[in-house]
Amino acid sequence: MAHTSLNQYLEQVEFAIESKDGLLLSDLLSFQNRHIANSRLQIESPEQQCDNWFEQPWDELIAAHLRCTWAVAKHDFIEAYSCQSIAALALNKIVQSQKDENWSLPVMYVIVLDLRLFASSADIQMIKRGRKKSGEMLEKAAEILMGSFRVCASDNRAAPEDSKKWGMLYLVNQLFKIYFKINKLHLLKPMIRAIDSLPMKDKFSKSQLVTFRYYVGRKAMFDSDFKTAEEYLSYAFERCHKACKQNKRLILIYLLPVKMLLVCFGNNLVY
């Protein structure tokens with residue numbers, strides 16, 4: 001991929017779209033993939049080439065990704081965030097237009113993950129340049145993620161295996177990370193209710209359930225609901241993979257004080 005030409009890359013993207021291979025396409029659009037280091041794909045103005053290859057809004061998404069690789073190569077994360085937001089909005093249109101299928105959910109996962117990471121880096125760059133308040137780009141990213149969440153949550157007609165609702169938990173976890181960082185915990189409650197009301201709420205991947213329970217447990221701790229905090233944080237700790245030692249340590253930072261408080265004061269701490 002490091003020596004792939006633009007046409008070869010676009011051919012691979014076209015094949016992934018036509019074959020509805022979400023995993024392949026997610027790899028081709030992820031900033032964890034080595035193709036982003038390919039100088040042939042770091043293009044400042046790729047709109048014309050993409051317009052020749054793809055229909056709307058796929059052309060917008062792919063062009064935004066290519067320009068984003070150019071911005072990242074320049075270490076301009078403000079521009080990278082701007083490009084990634086265009087890609088995320090285009091993908092929301094695509095996913096919403098797809099009926100009775102959810103093959104594009106892996107693509108949504110990588111797009112929103114990179115959107116959050118670029119927003120965080122963009123906030124840091126803007127503060128260094130004396131522009132805007134802390135967390136402003138993350139707030140804007142959260143609005144886009146909420147659009148993605150609504151697209152998935154509104155899919156009420158598809159069969160369970162084809163439902164876009166399978167994407168809800170991943171999006172909620174990304175939103176949790178943003179809201180904790182910008183200290184807007186009051187926005188978590190409706191999303192927690194939305195997940196708890198899903199028929200498949202216990203059928204998501206273990207890693208996503210662990211992340212969800214970790215953040216809900218932290219929220220309960222801040223709400224002084226220590227029994228709920230212990231339940232959710234214990235679930236997260238016990239089911240967190242043993243190789244993920246750093247994650248286990250993060251869970252213990254909150255779980256141990258909760259257990260100590262419950263031992264010392266018992267039910268008097270439950271409001």
Surface share of carbon and sulfur [accessible, 1.4 angstrom probe, percent] for the chain:
52
Whole-Hz Karplus couplings 3J(HN,Hα) for the stretch 202-213, θ = phi - 60° and coefficients 6.51, -1.76, 1.60, Gly and Pro as x, run 9, 10, 6, 4, 4, 4, 6, 5, 4, 4, 4, 5
What percentages make up the Cα-Cα pair-distance distribution of the stretch 42-191 when the bins are 5 Å wide from 0?
2, 10, 18, 19, 19, 15, 10, 5, 2, 0, 0
By accessible area with a 1.4 Å probe, ligands and nucleic acids excluded, highest first: order of M260, M146, M200
M260, M146, M200
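For the chain, what does -39500 (n - 2.57) per DSSP helix run (n ≥ 4), summed and divided by total residues, give at 222 nm, in deg cm²/dmol to the nearest 500? Intermediate results must be reported in sequence, preceding the final value.
Working: 12 runs with 180 residues, N = 271.
Taken over the chain, the calculation gives -21500 deg cm²/dmol.
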Could you sort T4, T211 by accessible area so the largest value comes first, with the probe set to 1.4 Å?
T211, T4
Lysine-lysine proximity count for the stretch 159-211, Cα under 17 Å, sequence distance 8 or more or distinct chains
8
If you put +1 on each Lys and Arg Cβ and -1 on each Asp and Glu Cβ, how big is the dipole of the stretch 5-159 around its Cα centre, in Debye rounded to 20?
740
Write down, largest first, the equivalent ellipsoid semi-axes of the chain in whole Å, where each equals the square root of 5 times an eigenvalue of the alpha-carbon gyration tensor.
36, 22, 16
Projected label distance in nm at E136 and K206, using a 7 Å step from Cα toward the beta-carbon
4.4
Along the dipole axis of the chain (charges at Cβ: +1 for Lys and Arg, -1 for Asp and Glu; origin at the Cα centre), the most positive-end residue among I178, I251, F118 is I251
Over all alpha-carbon pairs of the stretch 119-265, lay out the pair-distance distribution in 5 Å bins, whole %, shortest bin first.
2, 9, 17, 18, 17, 16, 12, 6, 3, 1, 0
About the Cα centre, charge dipole magnitude for the stretch 72-202 (Lys/Arg +1, Asp/Glu -1 at Cβ), debye:
580
For S97 and R40, what does the FRET efficiency come to when R0 = 35 Å and r is the distance between their Cβ atoms, rounded to the nearest 0.05?
0.70
Scan the chain and hand back the longest stretch that contains none of the trypsin sites (Lys or Arg not before Pro) lying in DSSP loops with at most 15 other Cβ atoms within 10 Å.
21-73
With all distinct Cα pairs included, what does the Kirkwood hydrodynamic radius of the stretch 178-223 come out to in Å, to one decimal, could you say?
11.3
Does anyone have the angle between helix 105-128 and the longest principal axis of the chain? Alpha-carbon axes, 0 to 90°, nearest 10?
80
Under a Cβ-Cβ cut-off of 11 Å, what is the net charge of the residues other than E47 that fall near it, where Lys and Arg count +1 and Asp and Glu count -1?
-3
Farthest toward positive dipole pole in the chain [+1 Lys/Arg, -1 Asp/Glu at C-beta], among Y215, T228, V95:
T228
Can you tell me the dipole magnitude for the chain around its Cα centre, using point charges on the Cβ only (Lys, Arg +1; Asp, Glu -1), in Debye to the nearest 20?
1520
Which far-off residues, 5 or more places away or on another chain, put their amide H under 5 Å from the one on D225, with H placed in the peptide plane?
none
Do any GluC sites (Glu not before Pro) in the stretch 4-58 lie in a loop, going by DSSP, with at most 16 other beta-carbon atoms within 10 Å of their beta carbon, and if so which?
E44, E55
Computed Kirkwood radius, in angstrom, where 1/r is averaged over Cα pairs of the stretch 107-203:
14.3
At 1.4 Å probe size, put L185, L89, L233 in order of accessible surface, largest to smallest.
L89, L185, L233
With a probe of 1.4 Å, find how much accessible area the chain has per residue, and write the answer as a whole number in Å².
51
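The values are calculated or read from the model by the stated rules, or taken from the named source; none is laboratory data. Quantities reported herein were computed from a predicted structural model and do not represent experimental measurements. Heads up, the Cβs are rebuilt from the backbone with ideal geometry, glycines too, and the neighbour counts pull from every protein chain shown. Areas reflect the complete protein model, heavy atoms only, side chains present, ligands, DNA and RNA absent. Shrake-Rupley method; radii C 1.70, N 1.55, O 1.52, S 1.80 Å.
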